[in-house]
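The values are calculated or read from the model by the stated rules, or taken from the named source; none is laboratory data. Here the structure is a predicted model, which is why all the values come from computation and not from measurement. In this analysis, Cβ positions are derived from the backbone assuming ideal geometry, glycine residues included, and neighbour counts consider all displayed protein chains.
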Amino acid sequence: MLRIVGALFVCVIFAESARSQDAAKSAGPPTVVPFKLTRTQHVVVRVKIDGKGPFHFVVDTGCPVLVISSEAAKKAGLEGEKGVGVIKKLEFEGGLSQENVKARIETPFQIEGMNNMGLPGVELHGLMGYTVLAKYKMEIDLSRERMIWTPLAFEPPPLDKLKLKDGSAASIEIMGTLLKVISRLSGLKPSPPGTPRGFAGIELEQAGKRVRVARVLEDTPAAQAGLKAGDELQMIGKQAVATLAEALAAVAAVRSGQDLSLEVLRGGERLVIQLKTATGL
């Protein structure tokens, strides 16, 4: 059985994964973490920082730490000393979270450059590096915009501050300023800011040629509207759905506070469920 996460749905995938004997032990079940592939072909995940967001981070296996732009840190209320702050709770879209995460507060020149040139198609807020990613076994399917993250019982070692050959601290401010000037001279516009996705609180599963409600989370818009586990989803708004992929596509643009109509089949009877989405990632 496969359950997939979408903008509207919070789901978990259960699967067996082979692992070598000397690898870190699993510390939790595999979880689907959705991502967006930007126009620049960067893998971007959405997170909340201490309950604020959403923020867009590039998954960067070549970055040694979590780097958050100065502007995003300010929006999240993250204060730092000597350019380093501690995020009390870092929440990923899909349900995973980490606590007391150290972050480098500095605007990466790659992020500043792409944002000022409007290249990604969405505002980027930082780089998700080794100290965060190393806590998971990650499986990525770029063709389907889905990742499976399995929490590991592994604590990444702390990293020393990066320095240049002459011993001075590495800085990315000069490159960022240069790219900002280039973007202005080129007449390019910045990427638009992120907007919260709509959240209903539903888990879906593929049942043959039908999409079925596997679970309705408590105290969510779906539960309050009367949606029930076992309901067969027929339409989302004016879009007919028969597969999980179609369901995800139909809710991709749903935003917080938006009225949403779901047509379901329950015991042979067609019902129309009306709800207003809450704030998600």
Meets criteria (at pLDDT below 90 and charged (D, E, K, R)) for LYS88
no
Kindly indicate whether SER256 is surrounded by fewer than 19 Cβ atoms within 10 Å (Cβ to Cβ), small (Gly, Ala, Ser), more than 22 Å from the chain's Cα centre (by Cα) and not assigned by TED's automatic domain parsing to the domain that holds ILE49.
no
Can you name the residue in region 222-242 that is polar (S, T, N, Q) and outside any helix (DSSP H, G or I) and is also surrounded by the most Cβ atoms within 10 Å (Cβ to Cβ) among such residues?
GLN234
Identify, from the list LEU78, LEU127, the residue that is surrounded by 22 or more Cβ atoms within 10 Å (Cβ to Cβ) and at pLDDT 90 or above.
LEU127
For region 88-109, what are the residues that are in contact (Cβ under 8 Å) with a residue 60 or more places away in the chain, of a type in the set (A, V, I, L, M, F, W, C) and touching a helix residue (DSSP H, G or I) at 6+ places or on another chain (Cβ under 9 Å)?
PHE109
State which residue is nearest to the chain's Cα centre (by Cα) when the search covers only region 39-93 and only residues that are within 16 Å of LEU124 (Cα to Cα) and basic (Lys, Arg).
ARG46
Can you confirm whether region 169-189 contains a residue that is buried (at least 18 other Cβ atoms within 10 Å of the Cβ) and either part of a loop (DSSP other than H, G, I, E, B) or modelled with pLDDT of 85 or more (or both)?
no
Just checking, does region 55-64 include any residue being acidic (Asp, Glu), touching a residue at least 12 places away in the same chain (Cβ under 8 Å) and within 23 Å of ILE148 (Cα to Cα)?
yes
Those strands (runs of 3 or more DSSP E) completely within region 65-167 that have 2 or more residues that are of a type in the set (D, E, K, R) and under 16 Å from ASP50 (Cα atoms) are 84-92, 97-105
